[in-house]
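The values are calculated or read from the model by the stated rules, or taken from the named source; none is laboratory data. Small disclaimer: the values here were computed from a predicted structure and weren't measured. Virtual Cβ from ideal backbone geometry, glycine too; neighbours counted across all protein chains shown.
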Amino acid sequence: MSARIRLKKFGTKKRPYYRIVVMDQKAPRDGKTIEELGFYHPIEAEDQQIRIEEDKVRTWLKNGASVSDTVRRILNKKSISL
């Protein structure tokens, strides 16, 4: 099993929000998660859009989890080095 840090979509039409989660790489987008690491809410104010538990992200990266391109951009916004 290869773990991947990626987004899981929630919300309604034209009002999405996303959870940043660790999932099996082959699992569907809204499938079963291994662990939740934070959220991304693109509609909120700039300072409330992203909340991430950095220590959990670093732990998963040390354990060999890969990161999706979108989550990589979100982590760069929060100045979390990969």
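One line per residue, one yes/no per condition, for (1) part of a loop (DSSP other than H, G, I, E, B); (2) out of contact with any His (no Cβ under 8 Å at 6 or more places or on another chain); (3) basic (Lys, Arg); (4) at pLDDT 95 or above:
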{"residue": "Met1", "(1), (2), (3), (4)": "yes, yes, no, no"}
{"residue": "Lys9", "(1), (2), (3), (4)": "no, yes, yes, no"}
{"residue": "Pro16", "(1), (2), (3), (4)": "no, yes, no, no"}
{"residue": "Val22", "(1), (2), (3), (4)": "no, yes, no, yes"}
{"residue": "Asp30", "(1), (2), (3), (4)": "yes, yes, no, no"}
{"residue": "Ile43", "(1), (2), (3), (4)": "yes, yes, no, no"}
{"residue": "Arg51", "(1), (2), (3), (4)": "no, yes, yes, no"}
{"residue": "Asp55", "(1), (2), (3), (4)": "no, yes, no, no"}
{"residue": "Leu61", "(1), (2), (3), (4)": "no, yes, no, no"}
### Query
Which one is nearest to Lys8 (Cα to Cα), of the residues in region 63-82 that are assigned to a loop (DSSP other than H, G, I, E, B) and polar (S, T, N, Q)?
Ser68
### Query
Which ones in region 11-44 are among the hydrophobic types (A, V, I, L, M, F, W, C), surrounded by fewer than 18 Cβ atoms within 10 Å (Cβ to Cβ) and closer than 19 Å to Arg73 by Cβ?
Ile43
